[in-house]
């Protein structure tokens, strides 16, 4: 090979073809899509000649890469690829104002700002707003998804004192010494009425110092220094990641950021081909840095390769303590695990146990499946007898533990003594890392029996009614979920969970508390709470004639039955029907607990009570004794006869709860109602 290349040279106003020797460096300004057509040639050239300007990927790639470091992941606006219209509506239920845009969009094109109003949605593009009904918006979202991949983000706005939207462009390059320098930082201001500051959409630029002085007064100097530090730190970090993942270096990025009302930085976009700034006569500055860095790269290839090698060694050599999180409790283990795993998976590669895989045999399988690449482990530890949780901890010792509550589940296996249940739950406290962190429910009266006196680690409390370390307030029912507020990292945050019931707010609180301790940003926690709900946990079926069916047929114990009745009472707008199956492992407390449930049904003003299974008639008897209409109480031990009644009894606008332990197969009743009234 003679290391020659056929090319064209611009001389005296025209292009002349010439055969030349290989260049010392190649300025790589071509798009990856076009270069892919000559992949073999490009790879050959890269093996011989240093290239400048390597691609760091599209918006999604950059976002995923920045999640690797806590330092910068907290500047990212939570982002998800939109799967379908249902996914979109769950997201907007939590954030109310969102940005919907193509994953590979450029120059502000194709961006929609969508907000939820009382009875409709508003879709904004450029300076135009259009009102949509939910059905119209479903069609709109579906049609966009059919054309390509879209992402969704909460809408975080930077606004001037006069009400105009703005952002900052941070343009950084490497210089002739191979070091990052700031080429320019400048604000871009959207025209009046628009919410896009991009120059291609009518935005205009301004000088940095006068703009900061006008908008931030005495804070102007500090904000400028913050922007400068952030520009260089982010460039260095992305450069390190490029070295570690691709053994390449990058030399130029343009970062678009916003400042919210608290002056917190949010990254909107990172571009690896930012081009020349559109004003201020900075083209020459960009060109000078480009040429000087190309000369540095041509002369210092060995030093660059050594730097890549050293960076990789340091990056992969740093080890952090892996959070191993175990969850136990009489109720809420699976939902708490699902919430927490959903949040942590937004940032890390996690190991999550499957739903209901909580026996010691499952934990042995988990121990074999957990890999060094897992950055967090989330497990649930079940128990029905003393000693079981001790065995869990002997197999995998957690350093973070959650006890959701101490309730009546399996109390029959503990001589009907709640203190003995608490003693068994306390095996998690004794078996975990004694310098670890324990999360407990301050509102749960039986959690006071947990054996925490000898625990040397940190104890963190959650609650709704108590003044806990992490407390939710203003809890309310929403469409297909719950809203609540809490103070987190100095801010009041409104959270949404896509599952009904105040008891699930406690499960979410445990996940929020652990995630906050692990350094996850509030908006990322908010996004993670939009989880994949475990099946048959107050799942809603919308049947014909406005009939609503609630399926809660996985577990059944007194606290869970009351919680499900609360949901029925809150969401039922017309007639409310409770179908309650047998509760197991209550031992000698069965009749007493059944009577308490009967009283609770009466207190919550349920309209029709149907019981199914051995001795469950005690529930109806107690309800009638407290004034429940006798003609609205039914009891069955034969499921076919129960279903025969339901086919006659259920009417338009009814809301029906089916609650029972999985072993009583109450899900058969759910299927019957769904099929009969489909």
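Placing dummy labels 7 Å off each Cα toward the beta-carbon, the span from residue 122 to residue 246 is 4.0 nm. Neighbour counting of Cβ atoms within 10 Å sorts the residues 16, 308, 577, fewest neighbours leading, into 16, 308, 577. The range 288-360 and the range 497-550 have Cα centres lying 26 Å from one another. Applying 1/(1 + (r/R0)^6) with R0 = 41 Å to the Cβ-Cβ distance of residue 638 and residue 443 gives a FRET efficiency near 0.55.
Please work out whether the range 446-603 counts as rounded, prolate or oblate from its C-alpha gyration tensor, where a ≥ b ≥ c are the square roots of the eigenvalues and a/c under 1.5 means rounded, while otherwise a/b larger than b/c means prolate and anything else oblate? In terms of gyration-tensor shape, oblate.
Using 0.36 nm per residue of separation minus the Cα-Cα distance, give me the extension gain between residue 307 and residue 81 in nm, one decimal.
Full extension from residue 307 to residue 81 adds 77.9 nm.
At full extension, residue 134 and residue 492 could sit 126.0 nm farther apart than now, given 0.36 nm per residue minus the alpha carbon distance. For the chain, the longest principal axis of the Cα atoms and the long axis of helix 301-317 meet at an angle of about 10 degrees. Each of the peptides 584-594, 153-163, 495-505 was scored by the mean count of other Cβ atoms within 10 Å over its residues; in descending order, highest first, they stand as 495-505, 584-594, 153-163. Pull out a ≥ b ≥ c, the square roots of the eigenvalues of the alpha-carbon gyration tensor of the range 84-228, then state rounded if a/c is under 1.5, prolate if not and a/b is larger than b/c, and oblate in the remaining case. Taking the square roots of the gyration eigenvalues as a ≥ b ≥ c, the range 84-228 is prolate. A crude spin-label estimate for the pair residue 674 and residue 345, with each label 7 Å from Cα along the Cβ direction, gives 2.1 nm.
The Cα center of the range 619-635 and the Cα center of the range 144-167 differ in position by 56 Å. Each stretch of four or more DSSP H residues adds -39500 (n - 2.57); spread over every residue of the chain, this sum gives -11000 deg cm²/dmol at 222 nm. Dividing the mean sequence gap of close Cα pairs (under 8 Å, 6+ apart) by how many residues the chain holds gives a relative contact order of 9 percent. Over all projection directions, the Cα-based convex hull of the range 78-154 averages an area of 4.8 nm².
Laboratory data are not the source of any read-out in this text; all were calculated from the coordinates shown. Because the structure is a prediction, the values reported are computed rather than measured. As a convention, Cβ positions derive from the backbone with ideal geometry for all residues, glycine included, and neighbour counts pool all protein chains shown.
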